[in-house]
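The values are calculated or read from the model by the stated rules, or taken from the named source; none is laboratory data. None of these values were measured; they are calculated from a predicted model. We place every Cβ from the backbone using ideal geometry, glycine too, and count neighbours over all the protein chains shown.
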Amino acid sequence: MNPLRRASRIPLLLLAVGLAAALARIPAAQEPRFLVAPAVTPDERPMRQPLHRVLDLPRPTTSAHASCLLPMPGGDLLVGWFGGTREGARDVTIEMARVREGVVVERWTSLTRQRLQQLVHRSIRKLGNPVLWMDTVGRVHMHVVSVSVGGWSGSAINHLVSPDQGRTWSLGRRLVVSPLFNLSTLVRNQPLMMQDGSIGLPAYHEFVNKWGLWLRLESEGRVIDSVRMQKYEGGRLQPAVAATSPTEATAALRSASRHARRVQRNATRDGGRSWPQRPALDVPNPDASVSLIRLDDGSLLMAANPLESGRHRLELLHSLDAGETWTRLRVIESSDATTDEFSYPFLAQDLSGDIHLSYTLLRQGIRLRTFNAAWLWGEETP
Amino acid sequence: MTLQAIYGLLAQGLIALAAWQAVRVWRTGRLDSPGPLALLLPAAVLLVPVGEVPIAHHLRGVWGDPSVVTACLLVAFVFRPRWLPPMPGRDLRILLTLLVTLPLYLPLFLEIPMSTWDLYGLGWQPFTLLIGVAVATILLRARRSDAWTVIVAVALLAYGADLMESDNLWDYLVDPPLLLAMAFLGFTGICTSLQR
């Protein structure tokens, strides 16, 4: 054969090898199905006295915001938040505390900007919103927002893994989910576990436009799918998602629209493959983060600031119909001073059935409330 | 250090070297191989700290990592390696192929009703995208664009080897600077054709 013709086949051969290598790497994603525990009936729940504890976490910094919770297998609660001289300052760190029976047994600075720079090998200007979850072998994972250039709309998400429950971190993955310099992807609320071991992570985009994102990650943190939550009007961000069946979930979103100041809603019926917009909830929203969980009895609990403006009132709301309608259950915080802030709630329920609610207190600290169903449905006022 | 970080940091050194070579071309009108002194530039970018971290870390923070296709084009521009066949001229079909990627970026800026489908999403489990890329590459090769065949093959190999932070195949193939460069070349190519 002519050597020149043989040589011209090399690019094609190389292309064939490249295609084979690429095909081998494509993730074998299974049909997405949410991991949903069977609902506990009232008969199965042991009778308990009403429980309601209030704990102000230590304040190592002058400003604190965006707390998150992770109930641990032994009954302890891991609380994370970001703190510094002010939001967005270069001295902001990710702080953590371990709470046992209403007492802080340990507090430490879990992640600094400098440490994240070392892990991701790029400059980091500021840190933000941490979200924690635990895998099946007991490692704690954190998705944390960082900014290298500009404001929060220049954010990216970093996935870190800790073998020692948040004391030290190694890099899992830096999530790339935007084709434009990976600009503007953030997290705020907790992920959902899927039946195949993958993770569903609610995230959002806020550069120019604002919309919710549903990221599906392999157990080691690789992105295997990213779905935009449908948006027809206004900005909507910071989705909080609760699954109500293996294929159904509802998302409550903060409204950034001046014209639609109500908690926005998207829902899926196909395991998160699509998130059509649903009518906004009859709950006002002052452009503030909400938290949403499915309780062990199958109902949904939401924490929100149900106001047209300001964040000076924090309430718990309850839904028995998978998020279609909501009733107001409890006023958690309320102030006449409209500049007071009780914001960025985060809900979690532990294995014993106790419910934990953390939130930003006047931008100065993090307050943690722990209560049970007996208190939630009882007569006691907070 | 991870493989992805090594690629990202070396790519910043390559960008610096390509910028240096571009300035030389602009000033002298010809492109020579980079001398030993020029090779100090990427070393400086990788090693010299400005503030808390080396320059390459700042550059990664600003514009992230280039696609593998862009990196290959920069290598071709700077080193003119023998393994890479000669680059074709301003083939408008190549430019158009790249410009079809424009819808990747438009939804980020335009206030348009969005379904759950988006072009970027094709890159997560990219069976369809791989077929499209293979067909486009073979069609381009019919125009004797062996260089593009090799570059696309290298990008696919890099995807298979998990060379970049991204898990999306699109990020191995295109990036905004490449798209802008192609749009500029396409525009100047059309202008030149019209003048003739």
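Suppose we keep only residues that are outside any helix (DSSP H, G or I) and surrounded by 15 or more Cβ atoms within 10 Å (Cβ to Cβ) within segment B:1-36. Which one would you say is farthest from the other protein chains (Cβ to nearest Cβ)?
Restricting to residues being outside any helix (DSSP H, G or I) and surrounded by 15 or more Cβ atoms within 10 Å (Cβ to Cβ), the top hit is B:Pro34.
What tally of residues in segment B:120-150 results from selecting those that are more than 20 Å from A:Pro179 (Cα to Cα) and hydrophobic (A, V, I, L, M, F, W, C)? Explain how you work it out, then say what you get.
Our first condition is that a residue be more than 20 Å from A:Pro179 (Cα to Cα); within segment B:120-150, this holds for B:131, B:134-150.
Next, only the ones that are hydrophobic (A, V, I, L, M, F, W, C) stay: B:131, B:134-136, B:138-140, B:142, B:147-148, B:150.
Selection size over segment B:120-150: 11.
Within segment A:224-253, track down each residue that is touching a residue at least 60 places away in the same chain (Cβ under 8 Å) and either more than 10 Å from chain B (Cβ to nearest Cβ) or of a type in the set (Phe, Trp, Tyr) (or both).
A:Ala240, A:Ala242, A:Ala243, A:Thr244, A:Ser245, A:Pro246, A:Thr247, A:Glu248, A:Ala249, A:Thr250, A:Ala252
Looking at A:Arg48, A:Arg98, can you tell me which residue is touching a helix residue (DSSP H, G or I) at 6+ places or on another chain (Cβ under 8 Å) and either away from every other protein chain (no Cβ under 14 Å) or not small (Gly, Ala, Ser) (or both)?
A:Arg48
Could you check segment A:124-139 and list, in sequence order, the residues that are among the basic types (Lys, Arg) and within 14 Å of chain B (Cβ to nearest Cβ)?
Taking segment A:124-139 as the starting set, the residues that turn out to be among the basic types (Lys, Arg) are A:125-126, A:139.
The answer is A:Arg125, A:Lys126.
Let's see how each residue does on (1) within 14 Å of chain B (Cβ to nearest Cβ); (2) closer than 24 Å to A:Ser274 by Cα:
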site	(1), (2)
A:His141	no, no
A:Val144	no, no
A:Gly150	yes, no
A:Arg167	no, no
A:Asn189	no, yes
A:Met194	no, yes
A:Pro202	no, yes
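Which residues, taken from segment A:74-86, are surrounded by 15 or more Cβ atoms within 10 Å (Cβ to Cβ) and in contact (Cβ under 8 Å) with a residue 40 or more places away in the chain?
A:Leu77, A:Leu78, A:Val79, A:Gly80, A:Trp81, A:Phe82
Hey, among the residues in segment B:124-133 that are crowded, with 19+ Cβ neighbours inside 10 Å and of a type in the set (A, V, I, L, M), which one's nearest to the other protein chains (Cβ to nearest Cβ)?
Checking each candidate, the answer is B:Leu130.
In segment B:139-196, how many residues are part of a helix (DSSP H, G or I), farther than 18 Å from B:Ala5 by Cα, more than 7 Å from chain A (Cβ to nearest Cβ) and among the hydroxyl-bearing types (Ser, Thr, Tyr)?
3
If you go through segment A:206-220 one residue at a time, how many are closer than 25 Å to B:Asp162 by Cβ and over 15 Å from the mean Cα position of the chain (by Cα)?
Taking segment A:206-220 first, the residues closer than 25 Å to B:Asp162 by Cβ are A:213-220.
Within this subset, residues satisfying the condition of being over 15 Å from the mean Cα position of the chain (by Cα) are A:218-220.
Final tally of qualifying residues: 3.
Mind checking whether some residue in segment A:57-69 is part of a loop (DSSP other than H, G, I, E, B), touching a residue at least 24 places away in the same chain (Cβ under 8 Å), out of contact with any Lys or Arg (no Cβ under 6 Å at 6 or more places or on another chain) and within 25 Å of A:Asp135 (Cα to Cα)? Working first, answer last.
Here is the first cut: in segment A:57-69, the residues part of a loop (DSSP other than H, G, I, E, B) are A:57-62.
Those left that are additionally touching a residue at least 24 places away in the same chain (Cβ under 8 Å): A:57-62.
Right, trim to out of contact with any Lys or Arg (no Cβ under 6 Å at 6 or more places or on another chain) and you get A:57, A:59-62.
From the residues that got through so far, the ones that are within 25 Å of A:Asp135 (Cα to Cα) too are none.
Within segment A:57-69, none of the residues are part of a loop (DSSP other than H, G, I, E, B), touching a residue at least 24 places away in the same chain (Cβ under 8 Å), out of contact with any Lys or Arg (no Cβ under 6 Å at 6 or more places or on another chain) and within 25 Å of A:Asp135 (Cα to Cα).
Test of understanding: among B:Ile190, B:Ile94, which residue is modelled with pLDDT under 85, of a type outside the set (Asp, Glu) and surrounded by 18 or more Cβ atoms within 10 Å (Cβ to Cβ)?
None of the others qualify; the one that does is B:Ile94.
For segment A:82-101, how many residues are of a type outside the set (A, V, I, L, M), part of a strand (DSSP E or B) and over 19 Å from A:Asp350 (Cα atoms)?
Matching residues across segment A:82-101 total 5.
For A:Ser155, which of the numbered conditions (1) within 23 Å of A:Leu70 (Cα to Cα); (2) of a type outside the set (Lys, Arg); (3) under 17 Å from the mean Cα position of the chain (by Cα) fails to hold?
Looking at each condition in turn, A:Ser155 falls short on (1).
Is it the case, given these coordinates, that A:Asp56 is modelled with pLDDT of 95 or more, surrounded by fewer than 17 Cβ atoms within 10 Å (Cβ to Cβ) and at negative phi?
It is true that A:Asp56 is modelled with pLDDT of 95 or more, surrounded by fewer than 17 Cβ atoms within 10 Å (Cβ to Cβ) and at negative phi.
So is A:Gly172 in a strand (DSSP E or B), within 30 Å of A:Leu111 (Cβ to Cβ), at pLDDT below 90 and touching a His at 6+ places or on another chain (Cβ under 9 Å) or not?
Yes; evaluated as a whole, the condition is true for this residue.
Let me spell it out: the conditions are (1) over 18 Å from the mean Cα position of the chain (by Cα); (2) assigned to a loop (DSSP other than H, G, I, E, B); (3) not small (Gly, Ala, Ser), and A:Val177 meets all of them except one. Which number is the exception?
A:Val177 satisfies every listed condition except (1).
Which condition number in (1) surrounded by fewer than 14 Cβ atoms within 10 Å (Cβ to Cβ); (2) assigned to a helix (DSSP H, G or I) is the one that A:Asp43 fails?
With (1) surrounded by fewer than 14 Cβ atoms within 10 Å (Cβ to Cβ); (2) assigned to a helix (DSSP H, G or I) applied to A:Asp43, the lone miss is (2).
Can you confirm whether segment A:254-266 contains a residue that is within 14 Å of another protein chain (Cβ to nearest Cβ), closer than 28 Å to A:Pro27 by Cβ and over 13 Å from the mean Cα position of the chain (by Cα)?
Yes: segment A:254-266 contains one or more residues that are within 14 Å of another protein chain (Cβ to nearest Cβ), closer than 28 Å to A:Pro27 by Cβ and over 13 Å from the mean Cα position of the chain (by Cα).
Every residue in segment A:115-146 that is more than 14 Å from the chain's Cα centre (by Cα), β-branched (Val, Ile, Thr) and closer than 18 Å to A:Glu95 by Cα, please.
A:Ile124, A:Val140
Go through segment A:96-143 and count every residue that is buried (at least 24 other Cβ atoms within 10 Å of the Cβ) and in contact with a Pro (Cβ under 6 Å, 6 or more places away or on another chain).
Within segment A:96-143, residues that are buried (at least 24 other Cβ atoms within 10 Å of the Cβ) and in contact with a Pro (Cβ under 6 Å, 6 or more places away or on another chain) number 1.
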